[in-house]
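To start, the structure itself, in structure tokens.
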Amino acid sequence: MEKKNIEWGKIGFGYIKTDYRYSRHWENGQWDEGELTDKAEVTISECAGVLQYAQTGFEGLKVYETKNGDIVAFRPDLNAERLQSTCDRLIMPKISTEDFIKALDELVKANLGYVPPFGSGATLYIRPFIYGCGPVIGVAPSPAYEFRMFCTPVGPYFKGGIKPIKIMLSDFDRAAPHGTGNIKAGLNYAMSLYPGEYAHKQGYSENMYLDAATRTYVEETGGANFLFVSADGKKVVTPKSDSILPSITRRSLTVIAKDYLGLEVEERPVRFDEIPSFSECGLCGTAAVISPVGLIHTKEKDILIPSGMDEMGPVLTKLRETITGIQMGEIEGPAGWVHKIC
Ligand SMILES: Cc1ncc(COP(=O)(O)O)c(C=O)c1O
């Protein structure tokens, strides 16, 4: 399919309507067949579970054109599994991994003209989501659900090179112990809007959240997990907590750190007061892969990360190059990591 006439280098991280999206309906205990539709709008009851009680969860992944022209997705089975755990926690019906990947393949093949060309820096972002569309007035699970998956081309996250960001320690909490921090529930993001806007107004790109119970340990930001590098550059340290989202990027980077770069990896609770002992700090997630952090603002002081505000540190740079090399088909990834769509 011919590429659409889009200035790939100029698009940002926004929504561009594409030709088709996938839609599947659940009612009376079962999913229907599911189909592609050209209708980007949805009509639901005013009393839908999603509108009244935020019964919705979502996923985010990217599709790439590789050097040899293949169209691939990176570990979509893990997005399917994470959506399943979101559905369990929010009492929504699940989509099997097989059906999730079938929907992905159909969606991408129907919108091939929107897959940005290799080397453009842009990618096709995929947004799967499930929401309660049936009416509920008492607080209860919805009697009907919709699974949808749409795609939109997105530009390179870092235009004009990767620059370290400044973040701030938030006074707000992101997730309670035994709450919903470890699933991708819409409600987690609704409540992060206020602290997010507050941080932006103060001149910071993101919030660092601490554990809500003791405010001692580093959790994550509103949309990414943390990675730290030890002072000697030989160890990658990443917070372990039941209330952070299990990032697919982070889980992949820890494998790369061990198996491709020969680094030691520690996944453990990370105390906030340990941060000055690290040489590099980064945020990892699908959108930006790794964003280097140069400064963490707190009310008492600013913590300067030794890798500084000019460029990404050497260990995070190697991790980033390796994972993007695997995603773009330039480096052979572990078996099953790259799913070929066509
Ligand atoms: C709260 C949160 N943490 C971490 C991540 C990164 O996860 P992933 O690497 O799977 O994109 C995301 C984005 O999905 C997120 O929303």
Quick test of your reading of the structure: PRO292 fulfils all but one of (1) assigned to a loop (DSSP other than H, G, I, E, B); (2) at pLDDT 95 or above. Name the failing condition by number.
(1)
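Take the conditions closer than 29 Å to GLY57 by Cβ, in the same structural domain as ILE296 (by TED's automatic domain parsing) and in a loop (DSSP other than H, G, I, E, B) and apply them to ALA212. Does it pass? It would help to see each step written out before you state the result.
Numbers: closer than 29 Å to GLY57 by Cβ: yes; in the same structural domain as ILE296 (by TED's automatic domain parsing): yes; in a loop (DSSP other than H, G, I, E, B): yes.
For ALA212, the condition - closer than 29 Å to GLY57 by Cβ, in the same structural domain as ILE296 (by TED's automatic domain parsing) and in a loop (DSSP other than H, G, I, E, B) - is met.
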Is at least one residue of the range 180-193 over 26 Å from SER279 (Cβ atoms), over 20 Å from the mean Cα position of the chain (by Cα) and touching a residue at least 12 places away in the same chain (Cβ under 8 Å)?
no
Take the range 290-312 and flag every residue that is within 22 Å of the chain's Cα centre (by Cα) and small (Gly, Ala, Ser).
SER291, GLY294
Pairs, first farther than 12 Å from GLU146 by Cα in the range 33-50, second of a type in the set (Val, Ile, Thr), C-beta under 7 Å, six or more apart
CYS47/VAL136; CYS47/ILE137
Flagged in the range 215-249 as within 23 Å of PRO306 (Cβ to Cβ), of a type in the set (D, E, K, R), more than 11 Å from the ligand (Cβ to nearest atom) and outside any strand (DSSP E or B), in numbering order, are ASP232, LYS234
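For LYS235, state whether it is surrounded by fewer than 22 Cβ atoms within 10 Å (Cβ to Cβ), touching a strand residue (DSSP E or B) at 6+ places or on another chain (Cβ under 6 Å), of a type in the set (D, E, K, R) and under 21 Å from PRO292 (Cβ atoms). Let's see the steps before the verdict.
On the way: surrounded by fewer than 22 Cβ atoms within 10 Å (Cβ to Cβ): yes; touching a strand residue (DSSP E or B) at 6+ places or on another chain (Cβ under 6 Å): yes; of a type in the set (D, E, K, R): yes; under 21 Å from PRO292 (Cβ atoms): yes.
Answer is yes for this residue.
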Which one of the conditions (1) surrounded by fewer than 15 Cβ atoms within 10 Å (Cβ to Cβ); (2) more than 16 Å from the ligand (Cβ to nearest atom); (3) touching a residue at least 12 places away in the same chain (Cβ under 8 Å) does LEU263 fail to meet, given that it meets all the rest?
(1)
Members of the range 195-252 that are more than 20 Å from LEU169 (Cβ to Cβ) and among the acidic types (Asp, Glu)
ASP232, ASP242
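Evaluate the following for GLY262: is it out of contact with any Lys or Arg (no Cβ under 6 Å at 6 or more places or on another chain), under 19 Å from ILE331 (Cβ atoms), assigned to a loop (DSSP other than H, G, I, E, B) and not aliphatic (A, V, I, L, M)?
yes
Looking for something free of Cβ contacts under 8 Å to residues at least 40 places away in the same chain and among the small types (Gly, Ala, Ser) - is there at least one such residue anywhere in the range 52-70? Full working, then the answer.
Of the range 52-70, the ones free of Cβ contacts under 8 Å to residues at least 40 places away in the same chain are none.
The answer is no; no qualifying residue exists.
In the range 51-63, what count of residues is obtained for those that are in contact with a Gly (Cβ under 8 Å, 6 or more places away or on another chain) and buried (at least 21 other Cβ atoms within 10 Å of the Cβ)?
3
Only one of these is charged (D, E, K, R), away from the ligand (no atom under 16 Å from the Cβ) and closer than 30 Å to VAL293 by Cα: ASP105, ASP171. Name it. So that I can check it myself, show each step before the final result.
Details: ASP105 fails: closer than 30 Å to VAL293 by Cα.
So the residue among ASP105, ASP171 that is charged (D, E, K, R), away from the ligand (no atom under 16 Å from the Cβ) and closer than 30 Å to VAL293 by Cα is ASP171.
The values are calculated or read from the model by the stated rules, or taken from the named source; none is laboratory data. Predicted model, so just to flag it, every value in this text is computed and none were measured. Methodologically, a virtual Cβ is constructed for each residue, glycine included, from the backbone with ideal geometry; neighbour enumeration extends over all protein chains shown.
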